[in-house]
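The block underneath contains the structure these notes are about, expressed in C-alpha cells.
The values are calculated or read from the model by the stated rules, or taken from the named source; none is laboratory data. Here the structure is a predicted model, which is why all the values come from computation and not from measurement. Please note: Cβ atoms are built from the backbone with ideal geometry, for glycine as well, and neighbour counts cover all protein chains shown. The area values use the complete protein model at the heavy-atom level, side chains included, leaving out ligands, DNA and RNA. Shrake-Rupley method; radii C 1.70, N 1.55, O 1.52, S 1.80 Å.
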Amino acid sequence: MSVRREEWSMGDIRFVSREELKKAAELSDLVFRDEEQTSMAVKFPGIFSGSYLSSPGVFEDGQLVAFAGLVPGFIQMGTVSVPVFSLGSVCTHPEYRGKGYANALLQRVFDHIDRAGASLLLVSGTRDLYIRQGCHTFRSVRSYLLSPENEVVRRAAAGPAIVREAEERDWFGLQRLAENREVRYGRSLYELATLVRAEAIADIYKLKQKIYVAESDGRLLAYAVIAVRDKLKTEAVPLVIEWGGAPEAALQAVSQVIAAKGISELQFQVPWHETEMIRALGSSTYLEDPNPGTVKIVNPVRLWQQIHPYLQQKSPEALSGVELHSAVPGGEIVLTVNGTAVQLSDKELISLFFDTQPQLELPVAIREQLKELFPVPLPYASGLNFV
C-alpha cells in the first residue's frame with residue numbers, strides 16, 4: 001500500500017516514511033527510555049513497524065526533531081465497530097523544544113483523523129498540551145489493589161479450574177476468549193500475538209509479562225496477562241494488563257498467581273462496564289479512577305453517527321427524540337432531547353459520553369433519559385493495545 005506524503009504550509013511537517021521510522025524510534029528512546037529498557041521500536045510495533053505510516057514528524061534541515069506516533073484501529077462495542085486512533089510517543093528533541101512543534105503535530109493528527117473518516121482519538125498523555133487542544137480525562141475505572149489477605153482473593157484461589165502459564169498451543173483459545181469480550185479493541189490473532197510479544201506496558205514499569213490461563217477438561221475458560229517483578233530493580237506494583245473469559249476463572253488465575261509469586265499487592269483496573277468481574281470482586285475495596293490518558297472527539301457529529309447503532313441496540317426508547325448537531329461548523333455542539341436544546345463544550349460532551357457521573361447541568365427529565373444511553377463503554381486504555 002502506497003501512502004502519499006502530504007505537506008503542510010510550514011513545509012517541514014509530514015508523515016514519517018518507513019525508512020525514517022528508525023530515526024523516530026531513536027528520538028523516542030532519547031526522550032522516554034533509559035539504558036535498562038528495550039527500544040520503543042520493539043515495544044511499540046503499531047507505531048514503529050512500518051505497517052502504518054500515519055505518524056507525523058517535524059523536520060529541520062532534513063533531520064527529524066519532533067514526532068507523534070499515531071495508530072489506527074477499531075473499538076468493538078458488541079456488534080458495533082467504531083474507528084479510532086491512538087496517539088503516543090509524542091516527543092521533541094531537547095534542543096528544539098519551545099517552538100510549538102508538539103502543537104503543530106497535534107493539529108496535523110486531528111486533520112488526518114478527520115480526513116480518514118474517524119472521529120475519536122485516545123491519547124496516552126494527560127499533559128496541559130493535550131488539555132489545551134480539547135483532550136480530556138473521564139472517570140470510568142475501578143482501581144483495585146489485591147493482596148493475599150483479601151477474602152475474595154483467597155476464595156477465588158481455591159476455584160475448580162486448573163491454572164497454568166500459557167503455551168504456544170493456546171493461541172486459538174486466547175483469541176476466542178479475547179473476541180468474546182463485549183467491549184474490546186478489534187484484533188486479529190496475529191495482532192494479539194504481536195502485542196503479547198511486545199510487552200509494552202510491562203517494559204515501561206520494568207516488569208516481566210506473563211500470561212496465565214484457567215482451564216477445565218482441556219478447554220480454556222479464561223486468561224490473565226499479568227506484569228510481575230523479575231530481574232530489573234523497580235518499585236512498580238505488579239498489575240493485571242488484560243483479562244478475558246469467565247470472570248470467576250480469570251480471578252482464580254489472578255489469585256493463584258498472587259499466591260504462587262508471593263505478590264503482596266497487585267493492581268487490577270476494571271472499567272465500569274465489566275460488571276461481571278466487578279461482581280466477582282465483591283467487597284474488595286477500590287478507588288474510582290479516570291481511564292488512563294485523555295480522549296478527544298475530533299468530529300462529534302460523525303461520532304454520534306458511528307455510535308448510533310450501539311445506542312439503538314441499548315435503548316431505542318431513550319434514543320427516540322435525541323439528536324446531536326453542530327451549531328455552526330466547528331463550533332459548539334447542540335444536544336437536543338425531545339425539543340429541548342442544550343449547548344455542550346468539548347469537555348462537557350466527553351463527560352456526557354464517557355463519564356460514569358457526567359459533569360454537566362441538565363434538566364432532571366433529560367438527565368434521566370440520557371442515563372439509559374450513556375456512558376458509552378471504552379476498553380481500558382493501558383492494556384495490550386496501549387500506544
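Out of the stretch 82-114, which residues are within 21 Å of the chain's Cα centre (by Cα) and of a type in the set (V, I, T)? Correct list: V82, V84, V90, V109, I113. Of the numbered criteria (1) under 18 Å from A200 (Cβ atoms); (2) of a type in the set (A, V, I, L, M); (3) touching a residue at least 40 places away in the same chain (Cβ under 8 Å), the one V58 fails is (1).
The single condition among (1) open to solvent by 40 Å² or more (accessible area, probe 1.4 Å); (2) within 24 Å of L192 (Cα to Cα); (3) acidic (D, E); (4) touching a residue at least 60 places away in the same chain (Cβ under 8 Å) that E242 does not satisfy is (1). All of (1) surrounded by fewer than 23 Cβ atoms within 10 Å (Cβ to Cβ); (2) farther than 24 Å from P292 by Cα hold for V58 with one exception: (1). Out of (1) within 24 Å of P45 (Cβ to Cβ); (2) out of contact with any Gly (no Cβ under 6 Å at 6 or more places or on another chain); (3) at pLDDT 95 or above, the odd one out for A246 is which? All conditions pass for A246, except number (1).
Summed over the stretch 260-284, the residues that are modelled with pLDDT under 95 and in contact with a helix residue (DSSP H, G or I) (Cβ under 8 Å, 6 or more places away or on another chain) give a count of 1.
Pairs are defined by a Cβ separation below 8 Å, a sequence spacing of at least 6 or placement on different chains, a first member in the stretch 144-164 that is touching a residue at least 60 places away in the same chain (Cβ under 8 Å), and a second member that is of a type in the set (V, I, T) and in a strand (DSSP E or B); the pairs so defined are Y144/V270; V163/V213.
Of all residues in the stretch 80-99, those that are more than 19 Å from R33 (Cα to Cα) and modelled with pLDDT of 95 or more total 7.
Going through (1) open to solvent by less than 50 Å² (accessible area, probe 1.4 Å); (2) more than 18 Å from R155 (Cβ to Cβ); (3) in contact (Cβ under 8 Å) with a residue 40 or more places away in the chain one by one, I263 falls short only on (2). When residues in the stretch 30-44 are screened for being within 23 Å of the chain's Cα centre (by Cα) and either surrounded by fewer than 19 Cβ atoms within 10 Å (Cβ to Cβ) or more than 18 Å from D203 (Cα to Cα) (or both), 8 of them pass.
Among the residues of the stretch 13-29, those that are part of a helix (DSSP H, G or I) and open to solvent by 40 Å² or more (accessible area, probe 1.4 Å) comprise K22, K23, E26. Where in the stretch 146-234 are the strands (runs of 3 or more DSSP E), entirely inside, with at least 3 residues that are of a type in the set (G, A, S), surrounded by 18 or more Cβ atoms within 10 Å (Cβ to Cβ) and at pLDDT 95 or above? Of the strands (runs of 3 or more DSSP E) lying wholly inside the stretch 146-234, those with at least 3 residues that are of a type in the set (G, A, S), surrounded by 18 or more Cβ atoms within 10 Å (Cβ to Cβ) and at pLDDT 95 or above span 219-228. Here is the figure for the stretch 61-105: residues that are crowded, with 21+ Cβ neighbours inside 10 Å and in contact (Cβ under 8 Å) with a residue 40 or more places away in the chain total 14.
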